[in-house]
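Trainee: If you scroll down you'll find the structure; I have some questions about it.
Read-outs throughout are calculated quantities, based only on the coordinates presented, and are distinct from any laboratory measurement. Just so it is clear, the structure is predicted and the values come from calculations on it, not from any experiment. Cβ: placed from backbone, ideal geometry, glycine included. Neighbour counts: every protein chain shown.
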Amino acid sequence: MKQTIANYVLNLIDEHQVIGLGGGSTVAQIATALSKSQTKHLKVVALSDATRQVCQEVGLALTDFSEVDVIDWTFDGCDLVDEQFHALKTKGGIQTQEKLLAQISHHYVLLATEEKYQANLSFSLPICCELLPDALPVLRQLERTHQVKGVLRQQDQAFEKTPHGNYLVDISWHQTDSVEMIAQILDQTIGIVSHSLFMREVTDILLGDSRQGTVSRLTRNK
């Protein structure tokens with residue numbers, strides 16, 4: 001299915017466009033496909049260390065993000081996405097980098113298969129937040145006020161740090177709270193740099209049907 005999605009992506013892209021790559025195994029497949037299609041003369045940017053590593057391994061040259069003003073297409077994986085184009089992208093913990101790509105992209109496209117596509121976004125996974133190190137008291141206040149639980153990610157017996165030197169915290173939220181309310185609370189909490197709820201960024205979904213071997217493109221109404 002991932003190869004089928006990668007082939008679909010190649011047909012969307014025109015020559016001389018700027019392409020953004022997020023994270024995930026399907027994005028890695030797209031990077032491989034792009035490396036074999038150099039006739040399109042593309043500029044490719046990636047902010048995920050894992051994706052950059054894949055690009056290096058397959059010989060796909062990257063352009064520095066600072067040299068790009070507009071991205072034509074950004075392709076990114078997700079954990080869950082719903083019919084309202086709300087998405088949860090928790091596992092990678094790189095939502096800040098991904099939202100930077102989305103911010104300057106004409107099309108921010110999520111790649112998903114049917115088991116990740118929901119009528120309404122559920123919270124079977126926690127919400128990952130990038131947190132300033134000085135904001136731990138703010139996290140405790142958030143936990144008390146909203147009766148939620150935050151767990152700091154650990155790596156090698158220490159708190160995991162982002163490339164910006166911040167912590168990653170996974171917050172388990174109540175299933176009964178609306179996704180709009182949760183996003184607003186997190187957006188307004190000083191000390192949270194970003195969170196893994198994507199509310200307005202997604203413009204398109206490429207939905208793979210593994211049983212049929214097909215890909216459908218869903219486009220958000222503007």
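Trainee: I want the local charge near residue 195. Using Cβ-Cβ distances under 11 Å, sum +1 for each Lys or Arg and -1 for each Asp or Glu among the other residues.
Mentor: -1
Trainee: Rounded to the nearest Å, what's the spacing between the alpha carbon centres of region 124-148 and region 1-69? Just the number, please.
Mentor: 34
Trainee: First select every other residue whose beta carbon is under 11 angstrom from the beta carbon of residue 19; then total the charges, Lys and Arg +1, Asp and Glu -1.
Mentor: 0
Trainee: Tally the DSSP beta bridges in the chain and give the antiparallel ones as a percent, rounded to 5.
Mentor: So the antiparallel bridges in the chain amount to around 55 percent.
Trainee: Which aspartates and glutamates have a Cα lying under 14 Å from the Cα of residue 89, excluding residues fewer than 8 positions away in the same chain?
Mentor: Within the straight-line limit of under 14 Å, residue 89 reaches these aspartates and glutamates: 76, 79, 98, 130, 170, 201.
Trainee: First measure r as the distance between the Cβ atoms of residue 138 and residue 69, then evaluate 1/(1 + (r/R0)^6) with R0 = 41 Å and state the FRET efficiency to the nearest 0.05.
Mentor: 0.75
Trainee: Near residue 40, which lysines are there with a Cα under 23 Å away, not counting those fewer than 8 places off in the same chain?
Mentor: Output for residue 40: 2.
Trainee: I would also like to ask the following. Using modelled backbone amide H atoms (1.01 Å from N, in-plane), which distant-in-sequence or interchain residues come within less than 5 Å of residue 118's amide H?
Mentor: Amide H neighbours of residue 118: 81, 82, 83.
Trainee: Continuing with the same structure: Residue 153's amide H: which non-local residues (gap 5+, or another chain) put their own amide H closer than 5 Å, with H modeled 1.01 Å from N in plane and none for Pro or chain starts?
Mentor: 160, 168, 169, 170
Trainee: A further question follows. Around residue 210, with a cut-off of 9 angstrom between Cβ atoms, what is the net charge of the other residues, counting Lys and Arg +1 and Asp and Glu -1?
Mentor: -2
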